[in-house]
Every structure is written in C-alpha cells, then in structure tokens.
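The values are calculated or read from the model by the stated rules, or taken from the named source; none is laboratory data. Every value quoted in this text rests on a predicted model; they were computed, and no experiment measured them. Glycine also receives a Cβ, built like all others from the backbone with ideal geometry; neighbour counts cover every protein chain displayed.
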Amino acid sequence: MSALRMTYLALAVWGAIHPMYYFLSWFAGNGFDLGAMVQAWHVNAASSGLVWDLTIAAIALTVFIVAECVARRAWAGLIAIPATFCIGVSCGLPLYLFLRARPPG
C-alpha cells in the first residue's frame with residue numbers, strides 16, 4: 001500500500017474516532033436525543049455556520065462521489081456516502097480518497 005493510501009486511511013480512521021468521541025460523550029451526558037443534539041449544534045451563530053458549512057460540504061462530496069462512481073464504474077466508493085452522513089466529512093472524504101487511490105486491477 002502506498003504512503004498516500006495509508007495517509008488517507010489513517011485520516012479516515014481519525015475522522016471516525018475523534019468526532020465520535022465527542023458525540024458519544026454528549027450522548028452520555030444528555031441521553032440519546034438526536035433532536036437535542038441538533039438544537040445544541042445551533043446554540044449560536046458560529047456553530048450554526050459550522051453546521052451549514054459541513055452540511056454543504058457533505059452534499060458536494062456526495063455529488064462528487066456519485067458522479068465519480070458512475071463515470072469510473074467503481075461502486076465500492078459509494079460506501080463513503082453513509083460514512084459521510086453517519087460519521088462526518090472528516091471520515092467520508094478521506095475514506096473515498098483511500099478507495100479511489102486503489103491501484104487498478
């Protein structure tokens with residue numbers, strides 16, 4: 001595996017674990033209430049801006065992944081879409097880059 005692919009994989013793992021730590025900590029303190037979590041994301045203008053920034057980035061990434069997977073007929077890359085929306089762009093983007101950087105064959 002190339003150094004670049006290992007870097008993408010490491011970033012995908014980090015992008016899954018690090019944010020999930022904060023989500024799970026929040027759930028531990030507040031119960032599993034997604035509505036309350038979304039409310040917490042919009043507690044002020046700065047956090048709302050960040051939520052919208054990441055939402056738009058996730059949508060753009062999804063469009064890119066779908067277009068690339070259709071053009072390349074490399075369907076395994078589609079797994080990065082649920083990773084993006086269930087974990088975050090910090091996992092979905094490097095995961096897709098890891099999958100896309102796979103040598104042909």
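Here are the numbers:
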{"quantity": "Candidates 70, 66, filtered to the one that is farther than 16 Å from residue 11 by Cα and exposed (fewer than 13 other Cβ atoms within 10 Å of the Cβ)", "calculated": "70"}
{"quantity": "Cβ pairs under 6 Å, 6+ apart, first in segment 1-20 and closer than 12 Å to residue 96 by Cα, second among the aromatic types (Phe, Trp, Tyr)", "calculated": "5/98; 8/98; 9/98; 12/98"}
{"quantity": "In segment 64-103, residue nearest to residue 24 (Cα to Cα) [restricted to those that are in a loop (DSSP other than H, G, I, E, B) and touching a helix residue (DSSP H, G or I) at 6+ places or on another chain (Cβ under 8 Å)]", "calculated": "87"}
{"quantity": "Subset of segment 84-105 [over 19 Å from residue 4 (Cβ atoms) and surrounded by 14 or more Cβ atoms within 10 Å (Cβ to Cβ)]", "calculated": "84, 85, 87, 88, 89"}
{"quantity": "Long-range neighbours under 6 Å by Cβ, at least six apart or interchain, first residue closer than 19 Å to residue 20 by Cβ within segment 32-48, second surrounded by 12 or more Cβ atoms within 10 Å (Cβ to Cβ) and aliphatic (A, V, I, L, M)", "calculated": "41/51"}
{"quantity": "Conditions (1) touching a residue at least 12 places away in the same chain (Cβ under 8 Å); (2) over 14 Å from the mean Cα position of the chain (by Cα); (3) exposed (fewer than 15 other Cβ atoms within 10 Å of the Cβ); number of the one not met by residue 27", "calculated": "(1)"}
{"quantity": "Test for residue 76: is it farther than 24 Å from residue 3 by Cβ and surrounded by fewer than 14 Cβ atoms within 10 Å (Cβ to Cβ)", "calculated": "no"}
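Conditions (1) at pLDDT 95 or above; (2) of a type in the set (Ser, Thr, Tyr); (3) under 12 Å from the mean Cα position of the chain (by Cα), marked per residue:
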position: 20; (1), (2), (3): no, no, yes
position: 48; (1), (2), (3): yes, yes, no
position: 53; (1), (2), (3): yes, no, no
position: 70; (1), (2), (3): yes, no, no
position: 79; (1), (2), (3): yes, no, yes
position: 92; (1), (2), (3): yes, no, yes
position: 102; (1), (2), (3): no, no, no
position: 105; (1), (2), (3): no, no, no
